[in-house]
Amino acid sequence: MLFDTHVNLHAEQFAGEVDDILARARVAGVTRFVTICDRLDRYPAVRAIAEANDDITCTVGVHPHYAKDYWSLEAKTLVEEARHPKVVGIGETGLDQHYGYSDIVLQERSFVEHIHAARETGLLLVVHTREADDLTGDILEREFKRGPFRILMHCYTSGPRLAERALDLGASFSVSGILSFKGATDVRDVTGKVPLERIILETDCPYLAPIPHRGRRNEPAYLVDVCRAFADHRGLTFEEAARLTTANAIKLFQRPG
């Protein structure tokens with residue numbers, strides 16, 4: 001049984017098809033899902049999907065792309081929303097300097113508020129980082145000194161130095177279909193050094209479909225192919241990889257208490 005730890009089921013690419021998409025995933029052996037919040041105005045839709053399905057939980061947060069739209073966000077808002085029993089994570093949050101949709105100062109402010117919420121609630125912080133390795137590491141280390149919090153480096157594609165810094169803070173890492181891409185040598189090199197007990201799987205659907213589905217809309221059912229790529233990469237059987245990553249994910253996404 002597999003656990004897809006990062007799905008975007010509220011995405012417009014899935015409109016009107018969520019039930020069918022989930023049915024295909026369950027038949028394929030994916031039996032747990034975390035559906036991710038990227039904007040607070042979409043949180044009710046995200047939460048509703050989780051409420052309607054026993055095998056789905058969710059997060060609450062603001063993606064760094066949208067930091068400009070929530071420039072006044074405070075941790076207390078996230079903490080209040082996270083009281084819902086279906087919420088198992090804070091985010092996704094972080095820094096993204098690739099597209100520049102939001103000013104980096106606003107992204108940093110939002111990131112820190114999410115960290116405060118994760119620290120207060122004890123929930124997992126789901127971190128998105130792209131082309132911001134040094135600043136991401138600096139913020140995580142600075143805030144960790146002020147009080148520990150739990151970290152997941154989602155869909156990790158950054159460099160080895162940030163990975164080392166995050167590992168020193170106890171972070172876990174999720175791998176996606178990118179691991180199966182022919183040109184993703186750097187990702188495989190970094191992932192290969194992460195302890196097995198710190199790795200979980202995700203699709204990040206509808207994005208990043210793994211080989212042999214690359215170029216198509218991604219679905220949770222394709223987590224089977226992500227798991228296969230991960231197993232081959234780390235010298236495991238498919239069953240060993242599935243059992244390991246599912247157990248890791250269940251432990252990570254437990255609500256405190």
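Where a number appears in this text, it was derived from the coordinates with a stated rule and is not lab data. Owing to the predicted nature of the structure, the values given are computational and were not obtained by experimental measurement. Here the Cβ positions follow ideal geometry from the backbone for every residue, glycine too, while neighbour counts run over all protein chains shown.
Here are a few things to note about the model shown:
- Taken over the range 70-111, the criterion of being out of contact with any strand residue (DSSP E or B) (no Cβ under 6 Å at 6 or more places or on another chain), of a type in the set (G, A, S) and either within 16 Å of F253 (Cα to Cα) or surrounded by fewer than 16 Cβ atoms within 10 Å (Cβ to Cβ) (or both) is satisfied by S72, G100.
For (1) touching a residue at least 40 places away in the same chain (Cβ under 8 Å); (2) part of a loop (DSSP other than H, G, I, E, B); (3) surrounded by 19 or more Cβ atoms within 10 Å (Cβ to Cβ); (4) more than 18 Å from the chain's Cα centre (by Cα), each residue gets a yes or a no:
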| residue | (1), (2), (3), (4) |
| --- | --- |
| R24 | yes, no, no, yes |
| T31 | no, no, no, no |
| D38 | yes, yes, yes, no |
| T57 | yes, no, yes, no |
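- The lone exception for K251 - which of (1) among the basic types (K, R); (2) more than 26 Å from K86 (Cα to Cα); (3) not in a loop (DSSP other than H, G, I, E, B) it fails: (2)
- Cross-chain or 6+ apart pairs with Cβ under 6 Å, the range 243-255 first and crowded, with 20+ Cβ neighbours inside 10 Å, then among the aromatic types (F, W, Y): T246/F3; A249/F3
- Taken together, the criteria exclude R109 from residues that are among the basic types (K, R), in a helix (DSSP H, G or I) and farther than 21 Å from D69 by Cα.
- Selection of the range 206-248 for residues being over 24 Å from V194 (Cα atoms) and either outside any loop (DSSP other than H, G, I, E, B) or out of contact with any Cys (no Cβ under 9 Å at 6 or more places or on another chain) (or both) yields P206, P212, H213, R214, G215, R216, A221.
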